[in-house]
Amino acid sequence: MPYITLLLSGSCSALASILLRLAGRLPPDSGALLFGLAARPLFYRCGALGAYGAGFVLYAIALKRVELSVAYPMMVAVTILEILLFGIASGDGASLRTVAGAALLIASVLLLYAPSPAHA
C-alpha cells in the first residue's frame, strides 16, 4: 500500500506540472478575473495547487512506512516518466539526452530496490 501511495503522489506531482504547462500555453485572455489572471489559466493553476496538495498528503502517508532514501527517488522517477510520456504524446518530442536521462533514472531506482547480495 505505501508504494501505491508513492506512485499516486508522483502522479499528482506530474499532473500539477502538466496543468501549469497547459496554463502557460493558453493564449492571453482579455477577461481578467483576479490580479490580471484570466479565468481558464487560473482554473488550471488552481487545479495544479490541488494536485500538489494531494501529492503532498499521499507522500506524507507513504513516508510512514517507506524510507526516505527510497521513497523520494521513486516518487520523482514516476513524476519524470509521466511528464516525459506527456511530452511525447503532446508532440513535444524527446531528445536522445532526455531519454538517456530517464533511462538512468529508472536504473538508479531499480538499483535502490535491488536486493543486496548475500555475503558468504
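We did not get these values from a lab; they are worked out from the coordinates using the rules stated. Model, not experiment: these values are computed from the prediction. As a convention, Cβ positions derive from the backbone with ideal geometry for all residues, glycine included, and neighbour counts pool all protein chains shown.
Farthest toward the dipole's positive end in the chain, which of Ala89, Pro73, Ser9, given Cβ charges of +1 (Lys, Arg) and -1 (Asp, Glu) about the Cα centre? In the chain, that residue is Ser9.
Under the convention that each Lys and Arg Cβ holds +1 and each Asp and Glu Cβ holds -1, the size of the dipole of the chain around its Cα centre is about 120 debye. Computed per residue of the chain from DSSP H runs no shorter than four, each worth -39500 (n - 2.57), the mean residue ellipticity at 222 nm is -25500 deg cm²/dmol.
Were the residues from Arg40 through Leu112 laid out at 0.36 nm apart, the gain over their Cα-Cα distance would be 21.8 nm. When Rg and Dmax of the Cα atoms in Å is computed from the coordinates, the matching label among [x] 17.7, 72; [y] 14.0, 47; [z] 14.3, 49 is [x].
The value of relative contact order for the chain, using C-alpha pairs under 8 Å at least six residues apart, is 34 percent. Full extension of the chain between Leu104 and Ile4 yields a length gain of 33.8 nm, computed as 0.36 nm times the residue separation minus the alpha carbon distance. Against the longest alpha carbon principal axis of the chain, how many degrees, from 0 to 90 and to the nearest 10, is the axis of helix 96-113 turned? Result, in degrees: 50.
Using R₀ = 22 Å, calculate the FRET efficiency as 1/(1 + (r/R₀)^6) where r is the Cβ-Cβ separation of Leu49 and Ser90; round to 0.05. It comes out at approximately 0.50.
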